[in-house]
Each structure stands twice: as structure tokens, then as C-alpha cells.
């Protein structure tokens, strides 16, 4: 799962306000040194874990297999190879179609949630989040059972094969939907009721109101959602790997070059090509978001929908349809994992959960749990501390701005690209960090960095809500900053910290793309074993492992919900005064 | 140091965590074993070995034949593997040509049938078992689609089978390669390529692994899978509506073999693994998945497997296959790769 999510959207450019709390330029105290040291350490961390690996990969793409510099020869070779270049066109085609489909569906759904009085909004909303908790391999596997040659609904396709563009688009739409929906809901919530009143007074038709008021106000959200969907689709690997058949896309090409042919240089070339659309859409997205902030004035009145039975029921119908599709896909995977021998012996059994019998292992599941736990704990500490330095630090303003900038990079880097970059960087025999290669540590480091940006933005947003006066007052009272951090900042931000850790846990459990190049036989993960079992033709067991991942993530999310109720009572009581 | 408690704790925790995760050195020897064995076989094989040699642990690196071969070749200058246990003999011949294998005569070598070993006095590799091509034919789906039962390789090119045949990609799968090399030997080079051109018209897709075509046939996703005999027999035993067909022109086959990688730092342990790999006990294990094994006289009949398996196998020229492997694969890829599964 790529680390793009809507959380980032609620954050606006914070660089302007940063650094308002300036230390007196008298003499640097120990605290100042400590803070400066911490800032440098944070920059060093992102340099080693992100910038240098990516740099190494860029260099590799310009070298031949012997390591000699060959300029752009690899790229020219790539473009001249019609079979490989076809993947670029295929990827673009898939990404465009999926984006259009998912945008339309998510818009209707979000419209239903924000602009109608249909019942059951909370439940519908919660159910749409389900795809976030499973690897993207799972919907693809489920689609084989639904629409494959032995699928129960294969007649829908009227003879067309699900293996190829149809399957990829369907799988992508399922998997990308919740990401896009979150952005759409935010976009449609930010509307000014006064505009609708004006439209009503001027007797504009509903259609006209929709095109002159509703759409323009949600315009930036729509664009932003489009970019997010496009990036997610073009960089995802799980769906095309399982259901793509002979339809080649960029993400599977990297895999084929690196794992299949051990051609690392060409892998680097495809990575760089894959990086381009991601970086482009990321940059465009940031640009658009800046405009969105300026759209809503302080005098805006929030729009409150009025009951309208016809409209409400139509949208309820649409939303129910979408939610049923989501439940069907997940339900099918769960059901198929229990069927003894699809489609000839439909008796239910637990045999496919005996992962050992198909050469996989429950141990891989526990490896995943272990990794996800480490990612959640270590990642939360690193990200939140770094965000604190960026937002509340006093020293080194340019360096802190650099830190903020670096923290934004991971969002534009597809998981596979980061994984490949890690091979190049950490597998060099003369790299002092070479010892983490093929260990759990490299998986943890990679996942923390891969999902860094969203967590960083969430932290920064939370920290912004805390008045800078706390720092000024404690500084004038000569209370060390870390005491303020421990006694004030951290407790107040606890909900955000919890949220980050759950986000990291879930993503670490479900990710395939980032870790597929760097796991070793000792650190095999559940999500990778889903991939391998499917590849070996043990599809039911693959579905079973996918369901285990889903259940685990749901359990953790549930735990988070319970815990945050407690924590909110303990630490956030002051908000309700 | 001027660290406060919480920060200190976090720092210590982090350092501890990294040290823990990096893993501590183990007291016993660890062998990195590259293999293309079926995933289901890895655990029992390692367990049987450890029953005799508890102080040597096996760290498997498993993938399909072509990928393990590519990996070994890519690591030629900095070998990561200690031992290869369960890779196609045609691949080991390629590695031998590159001088990447450490010759060793395991204890008990003399007991193996002569065709299951490298001909050199101190062999670079020893055979384990043979596996052979077969067709997995889903009778239920074939009836639905009105497909007659094929009996010859040539039958598969008939228009009636268009889009109904799945076969493994020879670049990644050892089974796929033995099919291709057997057709080139059985029909002659020109006619062999001509056969594959016509077959290509009927192929639905080329899979990454050699067992997947049979699994797809068993699940009814494709009516006909070109795969290997043991997979067909074992799926049939599990209740799949399969006929396992042995085409009349002759069956391609290859040997699974074992060898020590030159440059290993654990030569003693590697030799012990080789001793085990040729033992009677190991061969009994191989026999659970393969009808023909290197140790004569112990093979048990496998259900749904032809009793005359050995006589169906064609006269395979491994040297020819190995020395032409690279050229065959690149020609194959340039012609047919468009229908391959990713990887």
C-alpha cells in the first residue's frame, strides 16, 4: 500500500509559521546544543534511510552491468524495446480508466454522505474502509473466484477474460476507493451554504446549481483525489501480479527484471520511469492543495443538507451498491479460503489454513506481526520526534525546513522503487550499514520511511494545534524544552500519536511492494507469502493468509478505538470545558 | 551525558531493538542452500537432514529453476550460496561450465545409478531424481467445452484447443525448459520451433512456475496444463478431475541434482549435506515426490503414476540442452514472451 492518504489533505503549508519561537541570541545553552544535535540527527536519519538509497538507484540506472557509466544508454534501450515500452502505455491506460471509474463512484458516495439525509451514514462510511486493511493481492484473488473461468459470476463478463485490463481495473477500483473517498468527503464538506441560498433565491435549477456551485467548490478536492488515485494505481504491484495475465505494466516489469532476470540495472531504469508520474502528480497535488486552503473564507457557513426522500433514497441505493460490492469481494475471498477444492468439491474445511502443507508457514504471519509492531513503535517515535523538532524547535530554521522537505519525499516514492533502492544501497559490501541487509531491521526501516509522509503531516497538524506560548512560557521559566515536551506536548498530542502508530501497523501488515525485494528466508512476511502461494497456484491458501492479515488489522483498529476512548477521557478532558 | 530519562530510554530501546533485529550469530553452522524444490518439500527435507546432522542448519533460498540459475550466475563473483540442493541438471551443467561448482565425491556415491551423476571421476554434481513432462487434462471442463482428449504433443496445435492450453515459461521454470528442449530434440530444431509457433497460437498464457499449469487445470481455470507428471498424480489423488496424459512422441525429462558452490566458507558442512543428499534415506524422501530416483531399487509405486515411467522418458542429451540453454531461451523470449505472466 502506498502511503498516500487523505490525512495529508487537512494539513496546509506550515512552513510560514514555523520558527516563530526564536531563542534569544545570547549564548547557546546545553539545551540548544541538544536540540541542534537532535535536528542534525533527524536529517542524518532521512539522509541515510531515504536520500542516499534513492541517489544510489539513480546512479545505477546510468550504469551498465559492469558498473561503468553509460549515460542514458539504458533508457534509450528501454524505449527502443517495443515490448517494454508497451508497459508504459498499458500502465497509463489502466491508471486513467481506474481513476475515472473510482472518482465517479467516490464522488457519488461522498455526495451521499455529505449532502443528503440518507440513513446509516456512519455504518456505510465505516464499511468503505475495509479495503485498507488487506493487501491489494486479496481483491485480485477474490476476483478470480468471482469472475475467473470458474468464477460464480463469470457470465457478467460475457466471455471476456478477467485476466488482463478488466481484472486490474476492477481490483484497483476496490483497493483505491477508500483513499479517494476520504479526500472527496473532505472536499464536499468544505462548502458554503450561502452560495446555495443565493442559487435558490436566483431560482437556479438543481442541475445548474450542481455545475456552478457544487462542482467548483469541490474542484480542488476532485483534482487532488484524481492524482492520488492515479499514483496509487500506476505504482501498485499486487493487483496486476495476480490478475494481470499477460497484460504488462510498469510495476510488474520491475519485478520481472529484478527477481526474474536478476537484471538490476534495467530494474533501476524502470524504477526511474515509474518515479516520474508519481513525482509529477505529487508536485501537482501540492500546488492544488495550496489553492484549496484559500477557497474557504472565515465567514463561510457550513452547508446542512435538508431531507429529500427521493434524493436520499437514490443515494442510499448507490451507496448500498458500492458497499455490497466491497463486502462481496472480501466475503468471496473468505469463503473461497474455506472451500476444500474449488470448484469441484465445495465442502468447507480448514485445510487451506494449514499453511505448512503448501510450503508456507504460520511463522510468516508472526514475522509480519513482529515487523508491524516494530514499525508502529519505532516509526511513531521517530516521526513524532522529528515533527516536533520541525514544528516546535527553536534552532537552525533552514535545517528544520530542509527536514520538513525531506519528510515530504516518501509520498512521491513508490514502494518498489524504495525497496530496490535499499538493495542497491545496503547491499554494497563497503557500506557500514551492510549488516542490516537481510534482517528484520531493514524491513522495519524501509516501512517506516515508506509511510513517513502521512504520519509526519498528521503529527505536524496535531502539533500546530498547541499554542506556541507553551514553549515561550517554559523558556522564560527556564524549564527545559524536553520537560515541556513530556508534560504538555506529548499528552496533548496523544490521539494523533495513537493514530500514527495504527496507520503504520496496518500499512506494515499489508504492504507488498516495499518489502518484496528485501525480505530474506528468515524474515518472510505474511503479505509476501500471499504473493508466493498465489504464484505457486495455491490460491485458496493465499486467500486465507490475506484474510488473516485483514482480521489482524481490524482487531488492531478496534483496539485503537477502545484505547482512544480511554485516552481521550484521561488526557483530552480539557477540550470539553 | 546530558540526556533526560525519556530520551535516554528511547535511545537505549532503539539501540537494543536494532541489535536484536540484526540477529545474533548462531553457534552452529548455517548453510545457505539454493533450491528449486517445491515449497512443500523444503521442510521435510531439512528435517530429515537435521535428524542426522543437528548442528548444521539449512537456510533455504527458493525460487523457480530459471530464477535460481539467474541468481547464481549474477552472484558469480561474490557467491552467496554454500550448496545447491534440488536444481535442474541442465542448470548445474551451465554452472559447471562457468567453473562455479566445487567437485566432491560424496560417501556412497558408488551406489547411485551411473546416469545420475556427473561423469567426471570426482563429480561436480550428483543427481537426486528425475521428473518428466506430462499433460494435466481436466475431464469435466473438457467435456463442457467439447474438447477431445489429446494423446500426442502434435494434437495440442489443433485449432480446437485455441486458448485452452497453459504452459510454464521456460525462462523461469525448469519444467518449461525441459519441454522446449525435448521438442527441439524430438522433432529436430527447425520442426521444433515450427511446432512451438503453432502451439503458441493455442496457448492462453505462460506461467511463471512449472506446477501452476497443472494447478490451473485442476481448478478448471484452464482445461489443459503442460506440467510434470508428479504434480498431476498428486492433484488427482486430492480429488481433482484430471487425466494425466503422457504424449506418445516421448517425454522430456530433467534431473534434480545437488552440488557444492565453489568458494563456500562452510566446506565441511557442505560436504556433509552432499553425503546426505546421495544417501538411501534421502532417496526414499525423493521418492515421495518422484517415481524415478538416483538410488536404484528403492522406488515405490506412486498412485496415478505410470509404472513404466522410465521407459516413456526420451533419450535426453543434457550436454546439448545445457550448452544451448542461453541461446534457446533468448530465441524463445523474443518469439513468445508476450503471453508470459509477470516475473
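The values are calculated or read from the model by the stated rules, or taken from the named source; none is laboratory data. Remember, predicted model here, so these are calculated numbers, not experimental data. Counting neighbours? That spans all protein chains shown, and the Cβs are built from the backbone with ideal geometry, glycine included.
Descriptive notes on the structure:
- So residue A:161, is it within 14 Å of chain B (Cβ to nearest Cβ), at pLDDT below 95 and within 30 Å of the chain's Cα centre (by Cα): yes
- Here residue A:257 meets the list (1) surrounded by 24 or more Cβ atoms within 10 Å (Cβ to Cβ); (2) touching a helix residue (DSSP H, G or I) at 6+ places or on another chain (Cβ under 8 Å); (3) within 11 Å of chain B (Cβ to nearest Cβ); (4) closer than 30 Å to residue A:66 by Cα almost entirely, failing just condition (1).
- Residue B:16 being in the same structural domain as residue B:277 (by TED's automatic domain parsing), modelled with pLDDT under 90 and more than 18 Å from residue B:269 (Cβ to Cβ): no
- Given (1) touching a strand residue (DSSP E or B) at 6+ places or on another chain (Cβ under 6 Å); (2) over 25 Å from residue A:252 (Cβ atoms); (3) surrounded by fewer than 24 Cβ atoms within 10 Å (Cβ to Cβ), index of the condition residue B:178 fails: (3)
- Only a single criterion out of (1) in contact (Cβ under 8 Å) with a residue 40 or more places away in the chain; (2) in contact with a helix residue (DSSP H, G or I) (Cβ under 8 Å, 6 or more places away or on another chain); (3) closer than 30 Å to residue B:163 by Cα is not satisfied by residue B:338, namely (1).
- Residue that is farthest from the other protein chains (Cβ to nearest Cβ), among those in the stretch B:21-49 that are at pLDDT below 80 and surrounded by fewer than 14 Cβ atoms within 10 Å (Cβ to Cβ): B:27
- Residue within the stretch B:57-66 that is buried (at least 22 other Cβ atoms within 10 Å of the Cβ) and more than 10 Å from chain A (Cβ to nearest Cβ) present: yes
Residue by residue, here is whether (1) at pLDDT below 95; (2) under 26 Å from residue B:30 (Cβ atoms); (3) exposed (fewer than 14 other Cβ atoms within 10 Å of the Cβ) holds:
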{"residue": "B:265", "(1), (2), (3)": "yes, yes, yes"}
{"residue": "B:269", "(1), (2), (3)": "no, yes, no"}
{"residue": "B:279", "(1), (2), (3)": "no, yes, no"}
{"residue": "B:295", "(1), (2), (3)": "yes, no, no"}
{"residue": "B:305", "(1), (2), (3)": "yes, no, no"}
{"residue": "B:308", "(1), (2), (3)": "yes, no, yes"}
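- Number of the exception - residue A:238 against (1) crowded, with 24+ Cβ neighbours inside 10 Å; (2) away from chain B (no Cβ under 14 Å); (3) closer than 24 Å to residue A:181 by Cβ: (2)
- Qualifying helices (runs of 4 or more DSSP H) (wholly inside the stretch A:47-153; at least 3 residues being under 30 Å from residue A:508 (Cβ atoms), free of Cβ contacts under 8 Å to residues at least 40 places away in the same chain and away from chain B (no Cβ under 14 Å)): A:121-128
- Residues within the stretch A:507-534 that are part of a helix (DSSP H, G or I) and either assigned by TED's automatic domain parsing to the domain that holds residue A:140 or in contact (Cβ under 8 Å) with a residue 24 or more places away in the chain (or both), tallied: 15
- For the stretch A:345-394, the set of residues classified as touching a strand residue (DSSP E or B) at 6+ places or on another chain (Cβ under 9 Å) and within 11 Å of another protein chain (Cβ to nearest Cβ) consists of A:345, A:347, A:351, A:359, listed by residue number.
- In the condition set (1) buried (at least 24 other Cβ atoms within 10 Å of the Cβ); (2) under 14 Å from residue A:519 (Cα atoms), residue A:458 is compliant with all but (2).
- Options A:269, A:322, A:279, A:304; residue that is more than 14 Å from chain B (Cβ to nearest Cβ) and at pLDDT 95 or above: A:322
- Check on residue A:330, in a helix (DSSP H, G or I) and within 14 Å of chain B (Cβ to nearest Cβ): no
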